[in-house]
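All remarks here apply to the structure that follows.
The values are calculated or read from the model by the stated rules, or taken from the named source; none is laboratory data. Values in this document were obtained by computation on a predicted structure and should not be read as measured data. Here the Cβ is made from the backbone with ideal geometry for all residues, glycine too, and neighbour counts use every protein chain on show.
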Amino acid sequence: MTATTPRRRRPLVVILPLLAFAVLAGLFFIRLFAGDPSRIPSALVGRQAPALDLAALPGLSTAGGPVPGITSAALAGKVALVNVWASWCAPCREEHPLLMSLSRDPRILLVGLNYKDLPDNARRFLGTFGLPYAAVGVDPAGRSAIDWGVYGVPETFVLAPDGTIAQKFVGPLTEQTIRDTLLPLIERLSGKPAAS
């Protein structure tokens, strides 16, 4: 009788780990294929944006004069998009035409945080693909990016007029993300619909 007792428990010992693995695998696949992967949760969403005081990209100018750096004071009271980018970033090239279009939206202030880049390369990138930013601040060592919780480039933060981070997008913005998520958020934060 004692010889049969371990046999009855043995299938349970084998089945429980398999069942636990199946549950974990199911949760993994649900998270992998559900939702927008560019919307990675951030501890900063809903909180005041970290302070910014970034020097301007040297030698970057427009017909109106030098392009300024980024300061928290310049972002205050506006719906602002802080786009983290670099000339060496291939996905940044993919999203750049979309940023050029967004730069024409009068409801937002689009600024670029140039991450761990060489000034000559950054200027060449913007000279080739266009300047969508009202301001470009340089972060050569990535210290400000660390404060903002940047995983990599590109990333885009949406700031509410009160200076809180309303949304964070990881990876290049896409037409679908802009249409389905970003533009409705801009409308809500600005209180103004998109111009027709």
Quiz item: In the stretch 77-94, how many residues are surrounded by 17 or more Cβ atoms within 10 Å (Cβ to Cβ) and either among the small types (Gly, Ala, Ser) or within 13 Å of residue 125 (Cα to Cα) (or both)?
Solution: 6
Exercise. Taking residue 62 as the residue in question, decide whether it is touching a strand residue (DSSP E or B) at 6+ places or on another chain (Cβ under 6 Å) and surrounded by fewer than 17 Cβ atoms within 10 Å (Cβ to Cβ).
Key: no
Practice problem: State the number of residues belonging to the stretch 105-115 that are loosely packed, with under 15 Cβ neighbours inside 10 Å and free of Cβ contacts under 8 Å to residues at least 40 places away in the same chain. | Solution: 0
Practice problem: Residue by residue through the stretch 49-92, note down the ones that are touching a Lys or Arg at 6+ places or on another chain (Cβ under 8 Å) and closer than 21 Å to residue 167 by Cα. | Solution: 79, 86
Quiz prompt | Residue, surrounded by the fewest Cβ atoms within 10 Å (Cβ to Cβ), within the stretch 123-143, restricted to residues that are within 18 Å of residue 52 (Cβ to Cβ) and small (Gly, Ala, Ser) | solution = 141
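Matching residues to (1) assigned by TED's automatic domain parsing to the domain that holds residue 118; (2) modelled with pLDDT of 95 or more; (3) over 13 Å from residue 159 (Cα atoms):
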{"site": "62", "(1), (2), (3)": "yes, no, yes"}
{"site": "68", "(1), (2), (3)": "yes, yes, yes"}
{"site": "72", "(1), (2), (3)": "yes, yes, no"}
{"site": "78", "(1), (2), (3)": "yes, yes, no"}
{"site": "83", "(1), (2), (3)": "yes, yes, no"}
{"site": "86", "(1), (2), (3)": "yes, yes, yes"}
{"site": "89", "(1), (2), (3)": "yes, yes, yes"}
{"site": "92", "(1), (2), (3)": "yes, yes, yes"}
{"site": "97", "(1), (2), (3)": "yes, yes, yes"}
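Given the options 163, 171, 149, 137, name the one that is of a type outside the set (Phe, Trp, Tyr), farther than 19 Å from residue 101 by Cα and under 11 Å from the mean Cα position of the chain (by Cα).
Details: 163 fails: under 11 Å from the mean Cα position of the chain (by Cα); 171 fails: farther than 19 Å from residue 101 by Cα; 137 fails: under 11 Å from the mean Cα position of the chain (by Cα).
149 is the lone residue from the list that is of a type outside the set (Phe, Trp, Tyr), farther than 19 Å from residue 101 by Cα and under 11 Å from the mean Cα position of the chain (by Cα).
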Quiz item: Restricting the search to the stretch 149-163, which residues are surrounded by fewer than 15 Cβ atoms within 10 Å (Cβ to Cβ) and modelled with pLDDT of 95 or more?
Solution: 162
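Can you name the residue in the stretch 179-196 that is under 17 Å from the mean Cα position of the chain (by Cα) and aliphatic (A, V, I, L, M) and, of all such residues, is farthest from residue 158 (Cα to Cα)? Walk me through how you get there before you give the answer.
Taking the stretch 179-196 first, the residues under 17 Å from the mean Cα position of the chain (by Cα) are 179-186.
Filter once more, keeping what is aliphatic (A, V, I, L, M): 182-183, 185-186.
Values: 182: 8, 183: 11, 185: 9, 186: 8 Å.
Checked the stretch 179-196; the qualifying residue farthest from residue 158 (Cα to Cα) is 183.
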Quiz item: Conditions: (1) of a type outside the set (Ser, Thr, Tyr); (2) closer than 28 Å to residue 122 by Cβ; (3) surrounded by fewer than 19 Cβ atoms within 10 Å (Cβ to Cβ). Residue 179 meets all but one. Number of the miss?
Solution: (2)
